[in-house]
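What follows draws every value from the coordinates through simple rules; no lab data is involved. From a predicted model like this one, the values you see are computed outputs, not experimental measurements. With ideal geometry, Cβ positions are generated from the backbone for all residues, glycine too; neighbour counts draw on all protein chains shown.
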Amino acid sequence: MTDTRQLAVDLFNGVWTLLEKPDRTAEDDDRMLHMAHASRFH
């Protein structure tokens, strides 16, 4: 797997981790949004 594709996968998985976090903060939401955009870009 290329480095770029692995980065996209890691970001996508990070988004799901934050989605499932029961006590997610507004900062987590912001991070999740940026991670989703970055995952789609890569």
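Things worth noting here:
- When each of the peptides 20-33, 3-16 is scored by how many other beta carbons lie within 10 Å of its residues on average, the order from highest to lowest is 3-16, 20-33.
- Degrees, to the nearest 10: 26-41 long Cα axis against longest axis of the chain: 20 degrees
- Over the chain, DSSP H runs of length four or greater, each weighted -39,500 (n - 2.57), average out per residue to a 222 nm ellipticity of -26000 deg cm²/dmol.
- Net charge contributed by nearby residues that have their C-beta within less than 13 Å of V9 (K/R +1, D/E -1): 0
- Compared with the direct C-alpha span, the chain from N13 to F41 gains 8.6 nm at full extension, assuming 0.36 nm per residue.
- In the list (1) 26, 10, 4; (2) 21, 10, 5; (3) 15, 12, 8, the label attached to semi-axes √(5λ) of the Cα gyration tensor in Å as derived from the coordinates here is (2).
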